[in-house]
Amino acid sequence: MTDLPGIPPRARWPERVGRHVLPRCASTNAEALRLVPMLAGPAWILALEQFAGRGRRGRIWHMPAGNFAASLALKPQGGPAGASLYSFVAALALHDALALACGPSARLAIKWPNDVLLNGGKVAGILLESAGTGQELAALAVGIGVNLAASPSADQLEEGAVPAVSVLGETGHAVAPGDFLDILAPAFAHWQAQLESRGFAPIRAAWLARAAGMGQPVTARTGSVSRRGIFEGIDQQGALMLRMAAGCEIIPAADIHFDGAC
């Protein structure tokens, strides 16, 4: 494993974690869920070409050549509520990996619930999908997409969405997908160990320290319902805390839009 030019040495690949690189697949999340029953432990699945990727709420995730699409296949402990916290683990790992890949001048922040911003634009997204019934999950796929080489054009984004950016476009750093996985996997293993040994509290504290838009006005949209208030942070389960005129409202799931600069 070689280090990237100008970037501090990377941590070693985590023990007992598999690494599978596919030339092409429809969806790394689908492949991860398919493979879990056959795996002895966690494993990363990286696709050099993904042709049917998706984001939250069934949205299309565009993947130009040279971008990053990978999923971590896990057999999660606990039920759906506990599994959802791996989204925050993934966000922290992405923040750490991008800090190495982008260099010290890059402005990085985490946007609730599942995006990472670079210089104010969306550079990465996270999608968790699971298999199982009720409170017993047989498999969890932690899907991660990063605009390493290119970003979608404005006409490919939803109205009001944060503009998309790429690592190459913002920093001039050309990072290969396999090299990025080599820095992402150890970062994920670090934060996963924190969650599984110490609970959500240290994850929440670290996430809040990196959060975009704290204390600023945002609009939270769930379906056709929009609520505007001040972004107060996240609660002990990772739900959005929105301060409104009538008090603080807890919102488990929504899309948020910044009403001002973040």
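The values are calculated or read from the model by the stated rules, or taken from the named source; none is laboratory data. Everything numeric here is computed off the predicted structure, so don't read it as measured data. For neighbour counting, all protein chains shown are included, and Cβ atoms are generated from backbone atoms with ideal geometry for every residue, glycine included. Please note that ligands, DNA and RNA were not included when accessible areas were found on the heavy atoms of the full protein model with its side chains. Shrake-Rupley method; radii C 1.70, N 1.55, O 1.52, S 1.80 Å.
The figures follow:
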item	result
Condition met for ALA141 (in contact (Cβ under 8 Å) with a residue 40 or more places away in the chain, under 18 Å from the mean Cα position of the chain (by Cα) and not in a strand (DSSP E or B))	no
From the options ALA150, ALA101, residue that is touching a Ser or Thr at 6+ places or on another chain (Cβ under 9 Å), assigned to a loop (DSSP other than H, G, I, E, B) and more than 19 Å from HIS257 (Cβ to Cβ)	ALA150
Among the residues listed as VAL21, VAL36, the single one being closer than 23 Å to SER87 by Cα, out of contact with any Ser or Thr (no Cβ under 7 Å at 6 or more places or on another chain) and at pLDDT 95 or above	VAL21
Residue, farthest from ALA91 (Cα to Cα), within region 229-252, restricted to residues that are open to solvent by less than 50 Å² (accessible area, probe 1.4 Å) and in a loop (DSSP other than H, G, I, E, B)	ASP235
Neighbours by Cβ (under 9 Å, 6+ apart or cross-chain): first from region 96-119, over 19 Å from GLY172 (Cβ atoms); second of a type in the set (Phe, Trp, Tyr) and open to solvent by 40 Å² or more (accessible area, probe 1.4 Å)	LYS111/PHE258
Boolean, ARG198 is touching a strand residue (DSSP E or B) at 6+ places or on another chain (Cβ under 9 Å) and at pLDDT 95 or above	no
Residue in region 217-228 that is most open to solvent (accessible area, probe 1.4 Å), counting only those that are under 16 Å from MET241 (Cβ atoms) and within 22 Å of the chain's Cα centre (by Cα)	THR222
Members of region 70-82 that are among the hydrophobic types (A, V, I, L, M, F, W, C) and either out of contact with any Ser or Thr (no Cβ under 6 Å at 6 or more places or on another chain) or open to solvent by 50 Å² or more (accessible area, probe 1.4 Å) (or both)	LEU72, ALA73, LEU74, ALA81
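Residues are listed down the side, and each one gets a yes or a no for (1) among the aliphatic types (A, V, I, L, M); (2) on the phi < 0 side of the Ramachandran plot; (3) surrounded by 17 or more Cβ atoms within 10 Å (Cβ to Cβ):
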site	(1), (2), (3)
PHE68	no, yes, yes
PHE88	no, yes, yes
ALA131	yes, yes, no
ALA139	yes, yes, yes
